[in-house]
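Values quoted throughout were computed directly from the atomic coordinates according to the rules given, and no laboratory measurement underlies them. These numbers come from a predicted model, not from an experiment. Every residue, glycine among them, receives a Cβ derived from its backbone with ideal geometry; neighbour counts consider all protein chains shown.
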Amino acid sequence: DAKTTQPTSMDCAEGRAANLPCNHSTISGNEYVYWYRQIHSQGPQYIIHGLKNNETNEMASLIITEDRKSSTLILPHATLRDTAVYYCIVRDGNSGNTPLVFGKGTRLSVIA
Amino acid sequence: DAGITQSPRYKITETGRQVTLMCHQTWSHSYMFWYRQDLGHGLRLIYYSAAADITDKGEVPDGYVVSRSKTENFPLTLESATRSQTSVYFCASSESGAAGGDTQYFGPGTRLTVL
């Protein structure tokens, strides 16, 4: 079972920041938070991951609370092409390549 | 840079037939995975492989067979297809050894319909 809770859907205006929350209150010390997204009919795409520090890359920023029980994925300037299902995944970082366990994710709709 | 490819992209077959879905990656990644995606279930892991000749079951392995004779290929076989195996199948690969686990890269998917 997925260890995360996400809202089912969200809307965001084009050009605005999209903030996608994720609750992972049972996360353990060696578990990382991963974000993937899936654009309609395509394979999932990696976005970003982190352990406890905030992370940023060319796609997004990941903000993890100090207690690590929740996080927020931020798309700073959402475009129509960011419309997708976003998955927050908690994964043991010490087990090598443990398979990803996908939940239902958040369906983000970017509106013009 | 081909990355990870799947073939065929679309397949229609009949109940009871054997079907093989192909997955090929050009990165020499150690790990490869097969997932299926159905409405209402999200992605579920079928099988995965840590290296050539090493495979392991995932969440929903029944009715499927895998092999990994070469690092770059990871075929998935439905020995006797059933209607419940109608789904979209995704293959993924990743390197190994990095702290926190490694990013998985997904193929474009194969849409399989079993009549």
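What residue among A:GLU14, A:GLU66, A:GLU31 has the largest mean-square fluctuation in a Gaussian network model of chain A, using Cα springs under 10 Å?
Top of the fluctuation ranking is A:GLU66.
Return, ordered by residue number, the residues of the range A:46-89 whose backbone nitrogen is under 18 Å from a label point located 7 Å along Cα→Cβ of A:ALA13.
Answer for this model: A:75-83.
Residues of the range B:48-69 with the amide nitrogen closer than 17 Å to a label point 7 Å from the Cα of B:SER84, along Cα-to-Cβ, please.
Residues B:58-65 qualify, since their backbone N sits under 17 Å from the label point.
How much FRET efficiency would the formula 1/(1 + (r/R0)^6) give for B:THR5 and A:THR65, where r is the Cβ-Cβ distance and R0 is 41 Å, rounded to 0.05?
The calculated FRET efficiency here is 0.55.
Might you list the cysteines of the protein assembly as shown that have no disulfide-compatible partner by the rule of another cysteine's Cβ under 4.7 Å?
So far as the 4.7 Å Cβ criterion goes, A:CYS12 stand without a partner in the protein assembly as shown.
Hey, rough spin-label estimate for A:SER41 and A:THR79, points 7 angstrom out along Cα→Cβ, what's it come to in nanometres?
2.0
Could you run the Karplus curve 6.51 cos²θ - 1.76 cosθ + 1.60 with θ = phi - 60° over the range B:21-31 and give me ³J(HN,Hα) per residue in whole Hz, x for Gly and Pro?
Working through the residues one at a time gives 9, 9, 9, 9, 10, 9, 8, 6, 5, 6, 9 Hz.
If I build a Gaussian network model for chain A, linking alpha-carbon pairs within less than 10 angstrom, which residue out of A:SER70, A:SER25, A:SER61 has the largest mean-square fluctuation?
Answer for the Gaussian network model of chain A: A:SER25.
For chain A, set up a GNM with springs between Cα atoms under 10 Å and report which of A:ARG91, A:ARG16, A:ARG37 has the largest fluctuation.
Sorting by GNM fluctuation, first place goes to A:ARG16.
Roughly how big is the range B:16-115's charge dipole about its Cα centre, with Cβ charges of +1 (Lys, Arg) and -1 (Asp, Glu), in debye to the nearest 20?
Approximately 340 debye in magnitude.
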